[in-house]
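Following: one structure in structure tokens, then a few remarks.
Laboratory data are not the source of any read-out in this text; all were calculated from the coordinates shown. It should be emphasised that the depicted structure is a prediction, and the values quoted were computed from it without experimental measurement. FYI the Cβ positions are ideal-geometry reconstructions off the backbone, even for glycines, and counts take in every protein chain you see.
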Amino acid sequence: MEMTKQVAWFAACRVEDAVENGGVCVKYHDQQVALFYFTRRDEWYATQNECPHKKQMALSRGLLGAVEDQPKIACPFHKKTFSLKTGECLNGDECAITTYPVRVENGMVYIGFNL
């Protein structure tokens with residue numbers, strides 16, 4: 001029997017409060033989450049804010065970009081890059097980041113967390 005994951009949707013911000021082609025840090029309970037609005041692609045992404053390389057809360061201040069069709073975030077300190085879709089480190093390192101689903105409804109941006 002397959003278990004269905006339940007998702008809690010957290011109202012992170014209003015669309016107009018987001019930084020275009022950049023990120024913001026959102027606090028959800030005791031977690032810091034980086035929320036990105038990639039306007040050139042009209043896409044939203046959410047990841048953990050902590051860079052796994054040096055354990056600094058910095059990804060929300062990183063640089064958005066793309067490799068081929070893969071949207072990515074680069075840590076502003078260490079330049080490690082991560083896929084915004086999968087969390088995989090694109091520099092070939094073993095580290096990865098957690099990604100979260102994002103949806104936009106009625107002008108609000110929601111981040112999904114597994115229960």
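Some notes on this structure:
- Note on the chain: with charges restricted to the Cβ of Lys and Arg (+1) and Asp and Glu (-1), its dipole about the Cα centre is near 300 debye.
- Backbone N atoms of region 6-25 closer than 18 Å to the 7 Å Cα→Cβ label point of T39 belong to residues 13-25.
- Which of W9, W44 has the fewest Cβ neighbours within 10 Å, and the rest in rising order: W9, W44
- Pairs of alpha carbons in the chain whose separation is greater than 26 Å (percent): 16
- Proxy reagent accessibility, fewest Cβ within 10 Å first, across L84, L64, L115: L115, L64, L84
- In the chain, the DSSP beta bridges split such that about 95 percent are antiparallel, to the nearest 5.
- Extension gain for V7 to V67 (0.36 nm times residue separation, less C-alpha to C-alpha distance): 18.6 nm.
- Kirkwood radius and radius of gyration were both taken over the C-alpha atoms of region 8-62, and their ratio Rg/Rh is 0.97.
- Each part reduced to its alpha carbon centroid, region 71-90 and region 18-60 end up 11 Å apart.
- Extension gain for F77-M57 works out to 6.2 nm (0.36 nm per residue, less the C-alpha to C-alpha distance).
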